[in-house]
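Engineer: I'd like to ask some things about the structure below.
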Amino acid sequence: MTTLINLLNTHKAGGIEKLSGKNGEWLIDLGASHHMTGVIKLLSEVRNIMLCPVGLPDGKQTNVVKEGIMHLGENIYLRNVLYVPNMNCTLIYVAKLMRDLSCTVTFTNKLCVMHDQALRTLIGLGEECDGVFLFQTTIPVHANKAKTMNVSKLWHERLGHPSKRILTYLPEANGGDPIDFCDICYKAKQTRDMFQESQNKAYKSFSLIHCDLWGPYKVPASCGASYFLTIFNDFSRVVWVYLLLEKREVAQTVKKFRAMIERQFEKQVKVI
């Protein structure tokens, strides 16, 4: 077997210290020739092999005497991991790791991320520390729970918020409860900002009324009107709606409304 690591001389002093075995870390290495560990208890199914010389990071030589299987994570095992006495760290050889586990390894300036090639799931993670990447033996697993959604609401959002009438043509959307309210639809169809909160309060009918003209609408009504005027009684909250053919009819309509109030209710409109 070839010498273990010839590239270690290029590491910083902090990285050499970690590789010398003072911290017992799991190191992700590109220059190793095999998976190796100096901690026999990390291996299972250990068996003896022929003596093979290996160079340690401090320049000394030692012999590989055993090999076994190392548990890397949940249902993830590294086979043929060499046991090297007097080596207090564990080296994970990147090239063999990718070949045995069929995974991809991505390095950044701070992280080393390992993903399964087929499922793209996270199987390992390493963090840069003092010039070397330390393998994290425990990978946090997060369980995601999808919220159930009303079938009609789901198709309503997928299709760009169509009306209830359009949704009735979809057999899939008919299986859920009807949509009573959609905040996005109300906001999207607004053509002006909301009125500011008024401090004027009416204490009897027709002492204060509010008027609002809306239009022109792209599709006229059956009578040909493209505008409608709403008149709102502040005290009773009653609303009158008048369809208008043209905008200039507003003034005459308001006069007719005042006359109607005087005749039917014997009241005077004080403030508009």
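The values are calculated or read from the model by the stated rules, or taken from the named source; none is laboratory data. Because the structure is predicted, anything quoted here is derived from the model rather than measured. Don't worry about glycine lacking a Cβ; one is built from the backbone with ideal geometry, like all the others, and counts go over all protein chains shown.
Engineer: Can you pull out the residues in the stretch 198-231 that are in contact with a helix residue (DSSP H, G or I) (Cβ under 7 Å, 6 or more places away or on another chain) and touching a residue at least 60 places away in the same chain (Cβ under 8 Å)?
Structural biologist: Phe206, Cys211
Engineer: If you go through the stretch 64-122 one residue at a time, how many are among the β-branched types (Val, Ile, Thr) and assigned to a helix (DSSP H, G or I)?
Structural biologist: Adding up the residues that qualify gives 1.
Engineer: Return the residues of the stretch 207-245 that are on the phi > 0 side of the Ramachandran plot and out of contact with any strand residue (DSSP E or B) (no Cβ under 6 Å at 6 or more places or on another chain); say none if nothing qualifies.
Structural biologist: Gly224, Arg237
Engineer: Among the aromatic types (Phe, Trp, Tyr), more than 40 Å from the chain's Cα centre (by Cα) and modelled with pLDDT of 75 or more: which single residue out of Tyr77, Tyr83 fits that description?
Structural biologist: Tyr83
Engineer: Additional query: Limited to the stretch 215-250, what total is found for residues that are in a strand (DSSP E or B) and under 27 Å from Lys267 (Cα atoms)?
Structural biologist: 12
Engineer: Can you name the residue in the stretch 213-233 that is of a type in the set (Phe, Trp, Tyr) and touching a Gly at 6+ places or on another chain (Cβ under 9 Å) and is also surrounded by the fewest Cβ atoms within 10 Å (Cβ to Cβ) among such residues?
Structural biologist: Phe228
Engineer: Under 6 Å by Cβ, and 6 or more places apart or on different chains, what pairs join a residue from the stretch 25-43 that is within 10 Å of Thr90 (Cα to Cα) and touching a residue at least 60 places away in the same chain (Cβ under 8 Å) with one that is surrounded by 20 or more Cβ atoms within 10 Å (Cβ to Cβ) and basic (Lys, Arg)?
Structural biologist: Taking only residues 6 or more apart or on different chains, the pairs are Glu25/Lys18.
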